[in-house]
Amino acid sequence: MRAVFVTLLAASQLALAAPSERDAMALAVKGARYMQEHGKYALIACINRKDPAFNQGTLYLAMRDLNGITIAHPTTALIGKNLLDVPDADGKLFRHEMLALARGKGSGWVDYKFLNPRTGKVEAKTTYVLRVDDVALEAGVYKHADSAGQHGD
């Protein structure tokens, strides 16, 4: 019985520690403010060097231009790449949807499936997209059963 309790306690603490959709939106807004105060290139440098202000494990800020080129990402191998036509695990071209949001109404959520590096499994993820000038800022979180379908916008 004690082992079951300890396992449940550990699982609940992990769930509490997981970032929320509100955290993702707040990170994108924080990035937008930083960019407006310090400039686009200063934000690019922060993102690419994994500054803790914009990189909190599975929650991080990325930047893409409006043509689909990744211009800032904590995984620096992705910088300069156009990944628009790389689908998620279900074949969804989710990055096209992200750019459509950025070019259109300027912000919103995109749902897709992605490999969670923490669990090693493909999981449901949602990303908040926020256009600032000529770029899209993106911050996403892995969904949990208790928060599925409840976007904070």
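The values are calculated or read from the model by the stated rules, or taken from the named source; none is laboratory data. Every value quoted in this text rests on a predicted model; they were computed, and no experiment measured them. These area figures cover heavy atoms from the full protein model, side chains too; ligands, DNA and RNA do not enter into them. Shrake-Rupley method; radii C 1.70, N 1.55, O 1.52, S 1.80 Å.
What accessible area per residue, rounded to a whole number of Å², is obtained for the range 53-119 using a probe radius of 1.4 Å?
Spelled out: the 1.4 Å probe surface of the range 53-119, per residue, equals 48 Å².
Counting only protein heavy atoms, what percent of the accessible surface of the range 35-153 is carbon or sulfur at a 1.4 Å probe?
Solvent-exposed carbon and sulfur of the range 35-153 make up 51 percent of the total.
Ordered by residue, what ³J(HN,Hα) values in Hz, to whole numbers, does the range 46-56 give under the Karplus form 6.51 cos²θ - 1.76 cosθ + 1.60, where θ = phi - 60° and Gly and Pro are x?
Values, residue by residue: 4, 5, 5, 8, 6, 4, x, 5, 10, 9, 10 Hz.
When all C-alpha to C-alpha distances in the range 27-67 are sorted into bins of 5 Å, what percent of pairs does each bin hold, rounded to whole numbers?
6, 26, 35, 25, 8, 1
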